[in-house]
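K.L.:
Encoded as structure tokens, here's the structure I'll be asking about.
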Amino acid sequence: MTRTPFTRRRLLQSLSAGLALGPLASLSALAQKPVPPAPPSLRGLFTADEMHSAHQLRELALRDNRSYEMLERLTTEVGARLAGSEADLRAVNWAVDFMQSLKLDKVWKEPVQYPVWERISESASVISPFPHKLQITALGHSISTPEQGIQADILRVADLAALKALPAGAAQGKIVFIDHKLRKSSEYGDVASGRSRGASEAARKGAVALIIRSVGTDSHRLPHTGVMHYDDGAPQIPAAAMSNPDADLLNRMLQRGQPVRLDLRLQTRSAPDFTSYNVIGEWRGTELPDEYVLIGGHLDSWDPGTGALDDGAGCMITAGALDCLVRRGIRPRRSIRLVFYANEEQGLLGGKAYHAAHQQEISRIQAASEADSGQGPVKRLRSYVRPEALGIVRQMQEVLAPLGVAAGGNDGHPGPDMGVLRDAGAASFSLDMQADDYFDYHHTADDTFDKVEPARIRQSCAVYAVFAWMAAQSPLHFGSGPALKKS
Ligand SMILES: [Zn+2]
């Protein structure tokens with residue numbers, strides 16, 4: 001057998017031409033006409049052509065910097081978006097204009113009602129044994145202290161469980177200090193329970209206020225805010241979080257065996273009945289337009305930062321993924337719906353309102369997945385689908401593997417705002433993100449655009465683009481309906 005250099009060169013040239021032109025050529029063909037249904041013998045799995053298109057889409061999306069640019073716009077042109085504030089409605093108007101600029105088929109908003117809570121001022125200091133000013137922030141929904149503040153000794157407890165275990169009256173007249181350090185992101189739910197439930201527990205033991213170690217993995221001197229709730233029937237006491245270094249400082253004072261006395265001053269404001277909106281856009285499918293894949297994030301943020309990671313990133317990763325299809329005119333079989341939810345932070349209110357307005361269409365939700373864990377990259381794909389659709393999930397995992405996405409099990413959860421849809425029977429996906437540094441910035445003044453890394457956002461956007469297209473294009477329904485309902 002002889003091979004001439006000439007033939008080899010020709011072969012290489014045609015290969016590189018194919019690589020350069022293949023993706024665009026093939027995707028523009030997709031744009032012109034819908035992919036024909038798979039032949040019956042192949043029903044239940046993607047065809048080789050469809051798999052090829054998914055691989056091409058992944059590579060195109062990976063080169064696309066739109067999500068990053070969109071996030072720069074949101075954080076610059078709107079900034080902090082506290083639910084119930086004037087900025088909430090500014091963000092909604094911005095989001096409507098933004099989605100319209102994406103040239104989706106339809107953009108609309110749906111009302112969501114909730115009360116207003118705002119911080120006015122907050123400060124704390126150690127009175128004795130060693131005077132220090134502390135870096136603190138009020139927790140969302142906290143009542144105010146009296147104007148002259150609250151002066152009391154602290155009672156340290158390790159965590160919420162230790163607080164609950166105290167005998168009645170053990171915290172009489174004290175400021176309870178919950179000293180539960182968040183060591184890794186997977187412990188967030190457990191540690192955050194002290195923030196959300198600690199005030200009522202402390203009040204039942206006789207406490208006059210609650211101050212917690214910030215729920216954050218960092219050691220910078222910025223406190224982390226977050227929502228808290230008062231139990232019905234429990235006395236209401238003011239609640240705040242201090243920075244991690246300040247919690248360390250209090251511990252060092254306590255180790256000296258003397259009482260530690262604080263002065264805590266919070267002024268907050270509440271008002272009933274604010275109306276905001278979920279902002280929704282849709283890209284219509286070709287064959288089953290009434291079925292849809294649901295992606296998105298929450299538009300609201302806490303007030304100290306500009307909500308870049310929580311959850312501007314999630315909104316714009318998913319918007320960028322959809323935009324990647326729309327700009328090329330790629331329409332899958334089913335529709336793709338993008339939702340920017342109102343007020344996730346203070347109790348998943350946008351998610352609950354979406355469910356209330358759309359509960360009749362659970363079986364038409366092909367798949368749901370919200371992005372609300374920062375900027376990525378996505379490290380794992382988990383599904384929650386009927387067993388017959390697991391072959392499709394494996395094909396998705398195969399396409400995503402080169403991006404470093406591992407295959408997870410069939411125990412997926414669609415994220416905070418969409419959790420209620422999963423409970424009602426919606427097929428769901430977890431695009432699990434690397435979150436090692438997410439809780440360094442979460443709910444602090446440091447959640448700003450400079451923390452966002454373009455390469456991480458691009459990977460997350462590419463994963464969402466592939467996921468959304470493959471889920472919407474799937475030859476099989478993923479099984480949303482009574483069979484997937486939480487029992
Ligand atoms: Zn969030």
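K.L.:
Out of the residues in the stretch 372-404 that are under 21 Å from the mean Cα position of the chain (by Cα) and open to solvent by 30 Å² or more (accessible area, probe 1.4 Å), which is farthest from HIS55 (Cα to Cα)?
P.N.:
SER373
K.L.:
Could you pull out the residue among SER128, SER186 that is at pLDDT below 95 and at negative phi?
P.N.:
SER186
K.L.:
Going by the structure shown, is ALA445 within 18 Å of the chain's Cα centre (by Cα), away from the ligand (no atom under 15 Å from the Cβ) and open to solvent by 20 Å² or more (accessible area, probe 1.4 Å)?
P.N.:
The answer is yes for ALA445.
K.L.:
A follow-up question, please. Scan the stretch 289-313 for residues that are out of contact with any helix residue (DSSP H, G or I) (no Cβ under 7 Å at 6 or more places or on another chain), closer than 20 Å to ILE365 by Cα and either within 16 Å of the ligand (Cβ to nearest atom) or touching a residue at least 60 places away in the same chain (Cβ under 8 Å) (or both) and report the count.
P.N.:
So the answer is 1.
K.L.:
Moving to a separate point now. In the stretch 314-332, how many residues are open to solvent by less than 10 Å² (accessible area, probe 1.4 Å) and away from the ligand (no atom under 11 Å from the Cβ)?
P.N.:
Total satisfying the criteria: 12.
K.L.:
Which residue pairs have Cβ atoms under 7 Å apart, sit 6 or more places apart or on different chains, and have a first residue in the stretch 375-401 that is at positive phi and a second that is surrounded by fewer than 23 Cβ atoms within 10 Å (Cβ to Cβ) and among the basic types (Lys, Arg)?
P.N.:
GLY376/ARG456
K.L.:
Let me ask another. Which count do you get for residues in the stretch 340-371 that are under 20 Å from ALA427 (Cα atoms), within 14 Å of the ligand (Cβ to nearest atom) and surrounded by 24 or more Cβ atoms within 10 Å (Cβ to Cβ)?
P.N.:
6
K.L.:
Let me ask something additional. Residues that are open to solvent by 20 Å² or more (accessible area, probe 1.4 Å): list the strands (runs of 3 or more DSSP E) wholly contained in the stretch 126-197 that include at least 2 such residues.
P.N.:
132-134, 150-157
K.L.:
Mind listing just one residue for me: the one in the stretch 405-425 that is open to solvent by less than 20 Å² (accessible area, probe 1.4 Å) and closer than 25 Å to ARG58 by Cβ and, of those, farthest from the ligand (Cβ to nearest atom)?
P.N.:
Selected residue: VAL405.
K.L.:
While we're on this one: Could you check the stretch 257-305 and list, in sequence order, the residues that are among the β-branched types (Val, Ile, Thr) and not in a strand (DSSP E or B)?
P.N.:
Listed by number, the residues that qualify are VAL260, THR286.
K.L.:
Please give the number of the condition VAL227 fails out of (1) open to solvent by less than 10 Å² (accessible area, probe 1.4 Å); (2) within 16 Å of the ligand (Cβ to nearest atom).
P.N.:
Result: VAL227 passes all but (1).
K.L.:
Determine, yes or no, whether ILE295 is in contact with a Ser or Thr (Cβ under 9 Å, 6 or more places away or on another chain), closer than 24 Å to HIS413 by Cβ and open to solvent by less than 10 Å² (accessible area, probe 1.4 Å).
P.N.:
Judged against the criteria, ILE295 is a match.
K.L.:
When ARG213 is evaluated against the numbered criteria (1) charged (D, E, K, R); (2) in contact (Cβ under 8 Å) with a residue 60 or more places away in the chain; (3) open to solvent by less than 50 Å² (accessible area, probe 1.4 Å), which criterion, by number, is the only one it fails?
P.N.:
The one condition ARG213 does not meet is (2).
K.L.:
Another question about this same structure. When you check ILE280 against the structure, is it within 26 Å of THR444 (Cα to Cα) and more than 14 Å from the ligand (Cβ to nearest atom), yes or no?
P.N.:
When the stated conditions are applied, ILE280 does not pass them.
The values are calculated or read from the model by the stated rules, or taken from the named source; none is laboratory data. Just so we're clear, the structure is a prediction, and the values are computed from it rather than from any experiment. Every residue, glycine as well, gets a Cβ built from its backbone with ideal geometry; the counts of neighbours run over all protein chains shown. Heads up: the accessible areas ignore ligands, DNA and RNA and are worked out on the full protein's heavy atoms, side chains in. Shrake-Rupley method; radii C 1.70, N 1.55, O 1.52, S 1.80 Å.
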